[in-house]
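A short write-up of the structure that comes next.
What follows draws every value from the coordinates through simple rules; no lab data is involved. What you see is a predicted model; the values in this text were computed from it and never measured. Using ideal geometry, Cβ is built from the backbone for each residue, glycine included, and neighbour counts are taken over all protein chains shown.
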Amino acid sequence: MVPGTERAQAAYPYYTQFAPEDDQRFWFYNSMHFPEPMSAFDMVTAEAAYCALGSSSTRVHCIPTTLGIDHRIINGRVYIGGNAVSDPAEIARRTEEFTKRAFYYYANWERLYAQWREKMMMLIRDAQALPKLELPELEPLEHVHAGRGVASNHYLLDTYQRTLEGYYRMWHHHFEFLLLGYGAYMTFFAFCKKAFPEISDQTVARMVAGIEAEIFRPDEELRRLARRAVELRVDAKFQEGVSAQDIIRSLEAAGGSGREWLEELATSRDPWFNINVGDGFYHYHRSWNDDLTMAFASLPGYISRIKAGESLERPFEKLQEERRRLIEDYRDLLGSDEERAAYDQMITLAHRVFPYVEGHKFYCEHWYTNLFFNKIREFGALLSAHGFFPGAEDVFQLTHYELEAAIIDLMTAWSNGSKPRGPAHWPKVVAERRAALAEWAKHDTPPALGPVPDVIDDPAIVMLWGITRETLDTWLSAAGAGDTNEIKGFAASNGVVEGPARIVKSVEEISRLQQGDILVCQITNPTWAPVFQKIAGAVSDIGGSMSHAAIVAREYGLPAVVGTGTATSRIKDGQRIRVDGGRGVVTIL
Amino acid sequence: MAGSEHISWFADIGLLDRPRVGGKGGSLGELQRAGIAVPPGFVVTTAAFDRFIQVLDGDGQARAAVEALSADDLEGISACTGKLRERIEATPLPEDVLSQIAGAHDALCKGGNASTVAVRSSATTEDASDASFAGLQDTYLWVTNAADALQRVRSCWASLYSLESVSYRRKRGFPEQGVAMAVVVQSMVDARCAGVMFTRSPTTGDRSVITIEGSWGLGSAVVGGEVTPDRWVIGKITGEISVREISDKMMQHLPALAGGIQAIPVPEELRKSACLTDPELQALRGIARKVERHYGRAQDIEWAVDRHTGAILLLQSRPETVWSAKDAAPVARAADNPLAHVMSIFGGRQ
């Protein structure tokens with residue numbers, strides 16, 4: 001533990017604190033989902049996600065060889081450990097259950113997925129319909145005359161609990177299909193790797209990935225808006241360095257065509273701008289809707305490309321045809337008709353499950369998560385207005401339990417006409433925790449803790465984090481061999497490029513990226529797509545075979561190496577590096 | 001250019017002609033027929049050899065003596081075949097054979113760009129596709145005139161009676177009467193770089209990648225293992241270059257002025273430079289796919305890039321044998337329930 005941060009560390013729930021017996025277990029840092037130290041409130045994402053993931057694998061679908069994933073927090077970092085099942089009798093028992101449960105899902109995938117989308121949209125509508133937070137001086141007369149009988153302060157708690165409940169529920173939806181989806185994809189992936197030992201991960205991904213997946217839509221909307229700006233002849237309003245607000249003002253002033261473009265913007269925003277600039281696991285991963293800066297930053301670039309005659313439309317039919325040919329050509333290379341029959345079965349299932357694998361993120365990690373954090377932000381604004389802490393954002397320094405306590409404190413004070421106790425309690429705590437987060441961010445954190453296992457055959461860990469025994473060996477040897485200037489990772493997107501490295505450790509640093517920079521980050525995020533037109537290449541610490549980053553990088557034709565384990569700590573900001581995306585090697589020049 | 005009794009042009013032959021043009025000759029003809037660029041040339045057929053050996057050993061006594069040798073008796077083989085080789089190299093060619101080869105050589109040198117040729121033995125043995133045997137026969141590069149070419153044809157024939165070849169045949173018990181050899185005479189490519197490629201990964205047997213190895217100068221330096229070549233692995237379908245190993249290529253084989261080849265140092269600035277560009281690699285990929293499709297099986301190919309024209313030419317293509325022999329069990333079979341496949345992921349280590 002970093003000295004001086006003990007109290008901030010103690011804020012995390014007792015069940016997430018490392019205990020002595022945990023030393024016997026193997027833990028690895030989940031830098032893929034939680035690359036930065038997490039504030040006390042944001043930890044709700046870890047526990048909600050692991051609750052839902054574990055239920056799915058342990059008790060709903062009964063994955064034969066794995067139960068759920070435990071998590072622990074140290075220095076604001078989330079470490080996780082799998083619970084593999086090794087007893088053959090237990091595996092056999094769970095296998096029988098699995099075939100009754102998971103196979104039913106596979107067999108009824110389309111119907112269940114259609115039902116899932118309805119459930120998910122209902123959940124989103126519910127979250128959108130949560131009442132505004134109000135604490136009037138006196139209960140409104142109409143409430144009294146209507147005989148409501150329940151005062152406004154109660155609705156604070158009610159709304160908070162419903163907000164939290166919705167978030168936990170959303171994570172169950174998130175994992176309803178996910179492990180099964182990844183598993184079906186991995187089945188095909190493993191087959192390809194066996195049949196074609198040297199096939200690249202990206203090629204397998206290209207055979208399966210959807211062409212019109214939701215994840216591409218936000219960026220496509222930007223291209224559409226750029227095209228409309230040119231068509232409506234308002235493109236001159238979009239200049240580098242002009243803020244989104246100023247552009248909108250000047251379009252409002254520009255009359256008919258300006259307003260028409262703004263209407264187009266409104267259509268795009270709902271729902272496609274409900275996309276985070278991060279993975280949605282941190283409260284400060286704001287959506288394009290909350291902050292138009294990221295979205296607008298890419299418009300001048302797109303506009304100038306359109307004016308230069310470039311078509312920014314993704315050629316769906318051509319991409320579809322390419323995918324079909326790729327599948328056909330690899331099929332032809334197989335050694336026998338027997339193999340071809342197995343290949344057909346596996347890719348059929350992979351295609352069946354993949355729309356969910358690609359599509360759920362937009363609804364869960366982006367759209368819903370935005371609604372959730374923004375609702376919590378409203379509580380922050382209310383508490384801040386009552387002097388609990390200086391700003392609305394400070395609310396995220398409280399755990400979700402503490403936040404409920406603060407709300408009850410305010411409810412009680414409001415009802416009694418006395419002063420809440422929070423203003424005397426929270427400001428100091430908030431300051432202390434902010435300082436601890438800043439301190440923790442300065443310290444590197446080990447990729448793994450505890451005894452390293454001989455094999456990692458927990459399918460959840462292999463699938464979701466791409467972590468295998470070989471990954472660990474690479475990390476461990478990288479830690480010992482600091483003098484070499486080569487960093488190895490997975491070849492994610494073809495091509496070789498040299499340029500200055502820009503280390504981006506948090507989403508807020510994205511604006512530092514200059515034209516021609518090479519993005520070096522802990523995890524590349526597909527929603528950073530707009531910055532991909534600026535950068536020359538991308539390197540990440542973490543990235544499994546399912547990484548969308550690779551797909552986006554290929555869309556933009558950018559060399560990318562993912563899963564290096566150590567790039568952000570070994571490369572210095574501004575250093576010239578060479579990214580060889582075909583070989584998966586980054587060289588410090 | 002019409003062929004004759006002792007001469008066949010590449011354009012007129014294919015794999016089925018192997019009994020009289022040998023494996024190499026048949027392969028070059030087949031490639032040319034498939035629309036693949038090969039250096040132009042002709043084959044001195046086994047008929048020429050037969051005619052020659054008839055003159056040299058009409059009663060078959062010399063060959064009977066060879067056949068009587070024991071595979072283990074290296075000294076005996078050495079003594080017997082040494083004399084035979086001397087006789088082959090010294091005996092004048094029968095007039096009709098000589099005139100037909102010289103005529104074809106003349107036509108080749110006039111028609112082609114190069115006036116130098118490579119003279120390569122082209123074995124007819126059943127095992128001609130066996131690399132270990134094919135390697136036993138001789139190849140003479142950069143032969144600058146007709147007289148030398150004629151001499152080298154006889155050297156190729158003589159190599160049939162080398163210590164290695166004879167002891168190999170004796171081990172296998174092949175009858176000496178049936179032994180014959182064709183000889184390929186083809187325009188010499190002044191190669192800027194050359195090498196080999198495999199349409200199936202030599203290391204993993206992967207059918208979806210092409211491994212290309214190449215170095216500066218003539219391919220003999222790569223084939224002979226005298227230089228560590230650059231190495232690339234390219235996706236057969238995707239064209240993705242997944243491996244680029246640019247090695248320090250210290251030495252290259254270049255034509256010697258007086259004929260033959262010489263090993264000379266690679267200029268400093270080229271040693272660590274890739275000997276092929278990406279477009280050339282992609283062109284080689286296209287050729288490899290075409291050849292593989294033509295034969296319907298994985299191929300090991302020798303290629304060269306012409307220094308003057310930049311053209312890519314193939315010098316040889318033979319079926320891959322190592323991995324093809326290993327293919328046995330399929331990676332997976334169709335399952336009665338297609339869902340059962342997921343158990344390979346969820347069911348633990350099988």
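Quick notes
- Rounded to the nearest 20 debye, the dipole magnitude of the protein assembly as shown is 700 debye, with +1 charges on Lys and Arg beta carbons, -1 on Asp and Glu beta carbons, and the Cα centre as origin.
- The A:N485 and B:V243 beta-carbon pair, evaluated with R₀ = 22 Å, returns a calculated FRET efficiency of approximately 0.65.
- By the count of other C-beta atoms within 10 Å, a proxy for reagent exposure, A:R117, A:R433 are ordered fewest to most as A:R117, A:R433.
- Along each principal axis, Cα extent of segment A:214-313, largest first, Å: 39, 29, 24
- Of A:K237/A:K375; A:K375/A:K428; A:K194/B:K249, pairs whose Cα-Cα distance is over 26 Å: A:K237/A:K375; A:K194/B:K249
- Peptide A:329-340 is shielded by partner chain Cβ atoms: per residue, an average of 5 of them sit within 10 Å of its Cβ.
- Modelled label reach - A:V452, point 7 Å along Cα→Cβ, segment A:1-24 residues with backbone N closer than 20 Å: A:23-24
- Average beta carbon contacts from partner chains per residue of A:190-201, 10 Å cutoff: 6
- Working from label points 7 Å from Cα in the Cα-to-Cβ sense, the A:T468 to B:A90 distance is 6.6 nm.
- Axis of helix B:74-90 versus longest Cα principal axis of chain B: the two differ by about 70°, to the nearest ten degrees.
- Helix runs (DSSP H) in chain A reaching 15 Å along axis by Cα, Kyte-Doolittle at least -0.5: A:43-54, A:178-195, A:369-385, A:400-416, A:422-442, A:469-480
- Remark: segment B:37-95 carries a charge dipole of roughly 200 debye about the Cα centre, counting +1 on each Lys and Arg Cβ and -1 on each Asp and Glu Cβ.
- Between 0 and 90°, nearest 10: helix B:163-172 axis offset from chain B longest Cα axis: 70 degrees
- With 0.36 nm allotted per residue and the present C-alpha distance subtracted, the A:R331-A:D22 stretch has 106.5 nm of extension available.
- Set of lysines with alpha-carbon distance to A:K100 below 26 Å, sequence-local pairs under 8 removed: A:K119
- Here each label is just a point 7 Å from Cα along the line to Cβ, and for B:T309 and A:K132 those points are 8.2 nm apart.
- Relative to the dominant Cα principal axis of chain B, helix B:146-159 is inclined by about 80°.
- Amide hydrogen neighbours beyond the local backbone of B:V243, cut-off 5 Å, H modeled: B:V233
- Number of partner chain Cβ atoms within 10 Å, mean per residue of B:228-239: 3
- Full-stretch length increase - A:E90, A:H443 - with 0.36 nm per residue and alpha-carbon distance subtracted: 122.9 nm
- Reachable lysines, given that their alpha-carbon falls under 21 Å from the alpha-carbon of A:K318 and they are not under 8 places away in the same chain: B:K236
- Compared with the alpha-carbon gap, the fully stretched path from A:R59 to A:H143 is longer by 25.7 nm at 0.36 nm per residue.
- For segment B:175-181, Karplus couplings with θ = phi - 60° (6.51, -1.76, 1.60), whole Hz, Gly/Pro x: x, 6, 5, x, 6, 8, 9
- Distances between placed amide hydrogens fall under 5 Å for A:A536 paired with A:G516, A:D517, A:I518, A:L519, all partners being 5 or more residues away or on another chain.
- Label positions at B:R333 and A:Q115, each projected 7 Å from the Cα along the C-beta direction, are separated by 3.6 nm.
- Here the alpha carbons of the protein assembly as shown define both size measures, Rg and Dmax, at 36.1, 131 Å.
- Efficiency of FRET from Cβ geometry, A:E231 and B:E269, R₀ 41 Å, rounded to 0.05: 0.20
- Set A:K132/A:K419; A:K505/A:K572; B:K290/B:K326; A:K488/A:K572 screened for pairs whose C-alpha atoms are more than 18 Å apart: A:K132/A:K419; B:K290/B:K326
- The helix-only estimate of mean residue ellipticity at 222 nm for the protein assembly as shown, built from DSSP H runs of length n ≥ 4 each weighted as -39500 (n - 2.57), is -14500 deg cm²/dmol after division by the residue total.
- Cα gyration tensor category, rounded, prolate or oblate, for segment B:7-187 with a/c compared to 1.5: prolate
- As a proxy for reagent exposure, ranking A:K193, A:K428, B:K24 by other Cβ atoms within 10 Å from fewest up yields A:K428, A:K193, B:K24.
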